[in-house]
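Bear in mind these aren't lab numbers, they're just calculated from the coordinates by the rules spelled out. No experiment lies behind these values; they were computed from the predicted model shown. In this analysis, Cβ positions are derived from the backbone assuming ideal geometry, glycine residues included, and neighbour counts consider all displayed protein chains.
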Amino acid sequence: MRQLKIQSTTGTIPVGKMLCLGKNYEKHAKEMGGEVPPDPVIFLKPSTALVGNGGTVLIPAISDDLHHEVELVVVVGSTARDVAPEQAMDHILGYAVGLDMTLRDVQSVAKQRGEPWAVAKGFDTSAPIGDIVPKERVPDPHNLMLKLTVNGQVRQHGATAAMILKIPYIISYLSRIYTLEPGDCIFTGTPEGVSRVQPGDMLVAEIEGLATLSVGVGRR
Ligand code: MG
């Protein structure tokens with residue numbers, strides 16, 4: 001079973017479904033040539049997408065344009081179904097830094113054709129996630145800095161304060177569509193600066209001062 005480590009403990013938690021928000025930062029929505037959508041854009045990644053710290057993202061043969069998107073990941077700690085925003089934070093186990101790895105060429109074709117993003121966003125190894133930081137160590141998840149370097153060069157550096165939809169709303173909204181269960185992971189969207197990576201590149205994602213995740217890139 002695919003497990004995520006809980007930072008600073010010997011504990012692990014099996015990973016369930018991964019729910020992801022698209023275009024939750026205005027500057028990223030703009031760099032993709034679009035506007036902030038009127039309703040939340042949701043997509044899923046299967047459990048086979050998970051990669052842990054030190055793993056490798058493998059580009060499938062159908063793509064030649066893999067992009068990184070560094071994101072704050074919320075890890076669910078208790079079952080949540082139809083919860084109000086006021087109760088939503090009670091259902092969080094902790095936070096992690098994650099990468100919503102995206103086959104941008106495949107996604108662009110899907111967008112043109114009005115087709116789903118299941119391939120572009122959900123291929124094997126599309127979801128690197130670092131160790132879970134218990135929520136007690138994160139007084140305000142909207143006061144964190146996300147950073148991503150490729151081969152030591154900074155490509156993304158953004159504040160979670162710029163998230164459009166905030167975490168209590170996101171959890172409440174999702175819980176009215178999907179029952180959230182312990183181990184489910186919510187990708188909350190990426191700040192601007194997404195770019196292409198190539199086989200041999202080394203990616204380091206951070207929640208500054210709290211968590212680090214290193215992954216390589218290869219070809220499947
Ligand atoms: Mg994303």
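For a quick check: sort Glu136, Glu69, Glu208 by the number of other beta carbons within 10 angstrom, fewest at the front.
Working: Glu136 7, Glu69 25, Glu208 13.
If I rank by nearby Cβ atoms, fewest first, I get Glu136, Glu208, Glu69.
Along each of its three principal axes, how wide is the spread of alpha-carbon positions in the range 50-196, in whole angstrom units, largest first?
Computed over the range 50-196, the largest-to-smallest principal extents equal 43, 36, 26 Å.
Connecting C-alpha atoms closer than 10 Å in a GNM of the chain, tell me which of Lys147, Lys135, Lys30 has the biggest fluctuation.
Lys30
Once you list every other residue whose beta carbon is under 13 Å from the beta carbon of Lys45, what net charge do they have if Lys and Arg are +1 and Asp and Glu are -1? Before the final figure, lay out the partial values.
Working: positive: Arg2, Lys17, Lys121; negative: Glu69, Glu71, Asp100, Asp124, Asp184.
Its environment carries a net charge of -2.
Which one, Pro46, Pro85, Pro116, has the greatest fluctuation when you compute a Gaussian network model over the chain with C-alpha springs under 10 angstrom?
Pro116
For the chain, set up a Gaussian network in which alpha carbons nearer than 10 Å are linked by springs, and say which option among Val109, Val204, Val150 fluctuates the most.
Judging by the Gaussian network model, the answer is Val109.
Beyond 23 Å between alpha-carbons counts as too far, so tell me which of Lys30/Lys147; Lys30/Lys121; Lys23/Lys147 fall in that bin.
Details: Lys30/Lys147 19 Å; Lys30/Lys121 19 Å; Lys23/Lys147 18 Å.
The answer is none of them.
Taking the alpha-carbon centroid of each part, what is the distance from the range 1-70 to the range 201-220 in angstrom?
Distance between centres, Cα-based: 13 Å.
Per DSSP H run of at least 4 residues, take -39500 (n - 2.57); add these up for the chain, divide by its residues and hand me the 222 nm value, nearest 500 deg cm²/dmol.
Values: 5 runs with 34 residues, N = 220.
The helix-only estimate for the chain comes to -4000 deg cm²/dmol at 222 nm.
Please report Asp184, Asp100, Asp105 as a ranked list, fewest other C-beta atoms within 10 angstrom at the top and most at the bottom.
Details: Asp184 23, Asp100 26, Asp105 16.
Exposure proxy ranking, most exposed first: Asp105, Asp184, Asp100.
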